[in-house]
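Report on the following structure.
Nothing in this text is a laboratory measurement; each read-out follows from the coordinates by a stated rule. As the structure is a computational prediction, the values presented were derived from the model and not from experiment. Using ideal geometry, Cβ is built from the backbone for each residue, glycine included, and neighbour counts are taken over all protein chains shown.
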Amino acid sequence: MNAFHWTTAAVWAGMAAGASAQDASKIDALEKRIAELEAKQQQAPPKDAGGGDMKWNDFSALGSRFQLYGFLRLDAYHDDSRPNNTQLPSFIKSEDPNAPAAFRAPINKDDFTMSAKLTRLGLNFIGPKVGGLGDASVLGKLETDFYNTSTTDSREALRIRVAYLQLKWTDFSLFAGQMWDVISPLQPIVNPDNVMWNAGNLGDRRPQLRGEYMVGDATKFDLQGMIGETGAIDGQDLDPAGGTGSGYLDGSQSGQPTFQARAAVIAPMLDWKKNVEFGVWAHRAEESTDVNVGASNHFNSSAYGIDLSLPLYQDVVWSKTELWVGRNLGDVRGGILQDVNTNGQEISSQGGFTEVGWQVPGDSFKPVKLYAGYSWDNPENGDLSPNSATNAARTRNQIWYAAVRLDFKPVSMGLDYLHWETSYQSFHNGTDNRLQAYISYAF
């Protein structure tokens, strides 16, 4: 019996000797308190083999710590016309009865679906300083969700979103792993599954090596550059099946990586304690095939754009905008899934999005934010493949949208409305009124 239990026995003996009936309630209260203390003793933090408390570096090798984060989430979607995919829409199918079957939708056909695939789990890693690398701090991130589209909605499969290490010095950082593209750093608030890819928003995630240099105090200058894998997004392989190039990504066959760069200035906006950020960026990649597509077997991909995050009034009203032009943009989510035409010509496109957010005033409405925006992707009509019975070239995506967000930390909810129209070269437009709602618990 340890000292705690000896003390307990002594207390009981002393009280029993002089106890009276009126003291029974006091004894019951003391008994309850002793039980609570014994329970806390049993739940005390575990000890390691040396008798000390467990520390962070006992959970991770080589002295690293980690921080768990993520959220549990359910999304629901309703469409009054048919997109090409109910959960990952890139365009709306035409209701023209003369359209090819792959691009044709029944008239007035509603769809409803639900998904928990956006549930996310992440780890932030904090490592030690590395003396052999100039006292660089070591950081890292692993982030996953369950958006593996090859599975059913009751058999979701884990996938990597980002997984990278970071070596950080005073002004410079080096990143290695899978992370977001350098270009097109902003995202619209709506359509969280596909973040308006092929409908105005460029950029995705890919394996890459990135450098970032940031200097300045109140006003900061940020320079970023990366080399990454070409074909990581669209997996383009235009070589005919069975040929020498079949099974090899066209980007890999070029023998060159994707190059991207961005320069930005970040400055305080008046005395609002909010920053304005303006960036310019560029993308460049090449693709090759063993067999000519039309008249060519070599294809260039390029994009140039700007981004602007701007407070319009204190922290009450704000906006964000991206504008871009480019060609052969399938691997950076542009051109409405059209990159090289059947004559071997790169398809040019231009687009972007603009969005305004508003924090509803008043303490009672502090959790409420409202958003409105417009997004578009407009391929060059003359670059599109000649139309035929099996081809329906898409000439424009445009979306007007509105959204409301309710943030009751750690629970949040949202409702989005999108009026989405896809134009075709030779068929009637596809038009969809899309509603998307979600509820999420962040941790």
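Data table
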| quantity | calculated |
| --- | --- |
| Alpha-carbon Debye profile of the range 110-216, log10 I(q)/I(0) at 0.14, 0.15 Å⁻¹ | -0.72, -0.80 |
| Amide proton proximity set for W272, modelled H, under 5 Å, gap of 5+ | none |
| Between 0 and 90°, nearest 10: helix 3-18 axis offset from the chain longest Cα axis | 50 |
| The range 347-410 and the range 254-309: distance between their alpha carbon centers, rounded to Å | 20 |
| The chain: angle of helix 24-42 to the longest principal axis, Cα-based, in degrees nearest 10 | 50 |
| 9 Å beta-carbon shell around F125, net charge (K/R +1, D/E -1) | +2 |
| All aspartates and glutamates inside 16 Å of K273 as judged from Cα atoms, apart from same-chain residues fewer than 8 positions distant | D217, D315 |
| Sequence of R33, R82, R161 once ranked by neighbouring C-beta atoms within 10 Å, starting from the fewest | R33, R161, R82 |
| Value in Å of the Kirkwood radius, where the range 238-331 supplies the Cα pairs that are averaged | 16.1 |
